[in-house]
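Contents: one structure, followed by commentary.
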Amino acid sequence: MRYIEKHYDTPTVIQHELELKNLNLDEASLRNPETHAGKSGGQLYETIRDMPTFSVLKEQMYSEQGGVCCYCGMKLEYPFNPQYRVEHVLPKETHRELVGEYKNLLLSCRATKEEVALRADTSKPKAQRKGYIHCDEAKGSQEITYSPLNRACENAFWYDLKGEIHYNDEEAKKDIKTLGLDGEYLNKRRKIAILSLLALSEDELIAFRDGLRHPNSEGKFAEFYFVIIDAINQLLPVV
């Protein structure tokens, strides 16, 4: 997981906040229980996701994340078009006042066709099929301690050369389970991403790592870029 910097002063965000206010869907309005009385965060979101400014806001978030999932780092397009879920870091079910607020929104991955097929394979035990559910879909209405909006997330988790995720404290351990970041599917995908590193020289590893730290010419990060960076750091000699 990596910290995601948000940009609050863009015309996109300013226009979105104005539209929220005009519809009494901004945080200040929704803190009043009489505003849209009786409507849950989920019901309010049905209105927000149809707002003209919301589509443009999602484009900005896609750019800010470099086209990868806020939690696991999977790319957000299969095969060519963006495929994602809008994630409410503080759940809309318990924080309806934040249901449309940019500061609480990120983009999470959507299940690939392969994952959907694996989940439907009833020959596998239910516990194993659960390992194909992760990120926003696994989190649901639960809360986490370390989110990509918290800089501390960068030091809470690390990945080994097999692509498996590890934690640095008990709260991070809970977040891994909540987000399903230790599931079979993600472990397999991360391991494949790391395997190609083993054939690289020290100089090649350094150059590759430096390139991963920045988005490409299209503004996109490599899939699992922060996982691969962790692996490279372990392969390089300690200086």
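For the pair residue 85 and residue 168, what calculated FRET efficiency results from E = 1/(1 + (r/R0)^6), where r is the Cβ-Cβ distance and R0 = 45 Å, to the nearest 0.05? Please list the in-between numbers first.
On the way: r = 27 Å, r/R0 = 0.60.
That gives a FRET efficiency of 0.95.
Using the alpha carbon gyration tensor of the stretch 1-134, what are the three equivalent-ellipsoid semi-axes (square root of 5 times each eigenvalue), largest first, in whole Å?
Semi-axes, largest first: 30, 19, 12 Å.
Report the full-extension gain for the segment residue 200 to residue 50: residue separation times 0.36 nm, less the Cα-Cα distance, to one decimal in nm.
Value of the extension gain: 49.2 nm.
Quick one: if you stick a label point 7 Å off each Cα along the C-beta vector at residue 142 and residue 31, how many nm between them?
Calculated label separation equals 3.0 nm.
Over 24 Å, how big is the tail of the calculated P(r) for the stretch 104-239, in percent of all Cα pairs? Mind dumping the intermediate values first?
Details: 3356 of 9180 pairs.
Tail of P(r) above 24 Å: 37 percent of Cα pairs.
Where nothing but the Cβ of Lys and Arg (+1) and of Asp and Glu (-1) is charged, how large is the charge dipole of the stretch 1-93 around its Cα centre, in debye to the nearest 20? Walk me through the intermediate numbers first.
Working: 10 positive and 14 negative charges, 50 e Å.
Here the size comes out at about 240 debye.
Quick one: accessible area per residue over the stretch 1-120, 1.4 Å probe, rounded to a whole number of Å²? It would help to have the intermediate numbers written out before the result.
Working: 5850 Å² over 120 residues.
Per residue, the stretch 1-120 has an accessible area of 49 Å².
Along the Cα→Cβ direction, 7 angstrom out, place labels at residue 238 and residue 103. What is the inter-label distance in nm?
4.1 nm
Work out how much length residue 161 to residue 5 would gain on full extension: take 0.36 nm times their residue separation and subtract the Cα-Cα distance, in nm to one decimal.
Net length gain for the segment: 53.4 nm.
Can you give the calculated 222 nm mean residue ellipticity of the chain, where each DSSP H run of n ≥ 4 adds -39,500 (n - 2.57) and the sum is split over every residue, rounded to the nearest 500 deg cm²/dmol?
Result for the chain, helices only: -11500 deg cm²/dmol.
Rounded to the nearest 10 degrees, what's the angle between the helix 52-64 long axis and the longest principal axis of the chain, both from Cα atoms, 0 to 90?
Compared with the principal axis, the helix lies near 20 degrees.
What Rg and what Dmax come out for the chain when only alpha-carbon atoms are used, in angstroms?
In Å, with Rg to one decimal and Dmax whole: 19.1, 64.
So how exposed is residue 4, as accessible area in Å² (1.4 Å probe, rounded to 10)?
20 Å²
For the stretch 1-45, what is the convex hull volume of the alpha-carbon atoms per residue, in Å³?
108 Å³
The values are calculated or read from the model by the stated rules, or taken from the named source; none is laboratory data. Because the structure is a prediction, the values reported are computed rather than measured. Neighbour counts are summed over all protein chains in view; Cβ atoms, including those assigned to glycine, are modelled from backbone coordinates with ideal geometry. Just the protein is used for accessible areas: all its heavy atoms, side chains included, with ligands, DNA and RNA removed. Shrake-Rupley method; radii C 1.70, N 1.55, O 1.52, S 1.80 Å.
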